[in-house]
Amino acid sequence: MPQFLLLGLVGAAAWYGYKQMTRDAQRLAERSKRSEDEMRTGAQGTLVRGEDGVYRIKKD
């Protein structure tokens, strides 16, 4: 019985690690694409519209 508990904990940790890794990879790909777009256009940053309607530079 303890082996099943240990196997379950290892499986849960692996699943959590996989989900975290995919989330980080997606965030990195988005940041890389945004950086390439900024270099191509010569922009200093990416603006996003806030809740109050004011445009601000997007923070990572």
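Of the conditions (1) within 17 Å of Asp60 (Cβ to Cβ); (2) open to solvent by less than 90 Å² (accessible area, probe 1.4 Å); (3) modelled with pLDDT under 90, Gly42 fails just one. Which one is it?
(1)
Can you tell me which condition Ala12 does not meet? The list is (1) more than 15 Å from the chain's Cα centre (by Cα); (2) open to solvent by 60 Å² or more (accessible area, probe 1.4 Å); (3) of a type in the set (A, V, I, L, M, F, W, C), and all the others hold.
(2)
Pairs needed: first member in segment 22-36, in a helix (DSSP H, G or I); second member anywhere, open to solvent by 60 Å² or more (accessible area, probe 1.4 Å) and of a type in the set (D, E, K, R); C-beta distance under 7 Å; at least 6 residues apart or different chains.
Listed by first residue and then by second, the contacts come to Arg31/Asp60.
Would you confirm whether any residue within segment 51-60 is in contact (Cβ under 8 Å) with a residue 24 or more places away in the chain, loosely packed, with under 10 Cβ neighbours inside 10 Å and either touching a strand residue (DSSP E or B) at 6+ places or on another chain (Cβ under 6 Å) or not small (Gly, Ala, Ser) (or both)?
Keep residues of segment 51-60 that are in contact (Cβ under 8 Å) with a residue 24 or more places away in the chain, which gives 58, 60.
From what is left, the residues that are loosely packed, with under 10 Cβ neighbours inside 10 Å are 60.
Imposing the further condition that a residue be either touching a strand residue (DSSP E or B) at 6+ places or on another chain (Cβ under 6 Å) or not small (Gly, Ala, Ser) (or both) reduces the set to 60.
Yes; the residues of segment 51-60 include at least one that is in contact (Cβ under 8 Å) with a residue 24 or more places away in the chain, loosely packed, with under 10 Cβ neighbours inside 10 Å and either touching a strand residue (DSSP E or B) at 6+ places or on another chain (Cβ under 6 Å) or not small (Gly, Ala, Ser) (or both).
Look at segment 37-60 and say how many of its residues are assigned to a helix (DSSP H, G or I) and hydroxyl-bearing (Ser, Thr, Tyr).
Residues that pass the stated criteria total 1.
The values are calculated or read from the model by the stated rules, or taken from the named source; none is laboratory data. Everything numeric in this text was worked out from a predicted model, so none of it was measured. Here the Cβ is made from the backbone with ideal geometry for all residues, glycine too, and neighbour counts use every protein chain on show. Side chains are part of the model used for accessible areas, which takes the heavy atoms of the whole protein and leaves out ligands, DNA and RNA. Shrake-Rupley method; radii C 1.70, N 1.55, O 1.52, S 1.80 Å.
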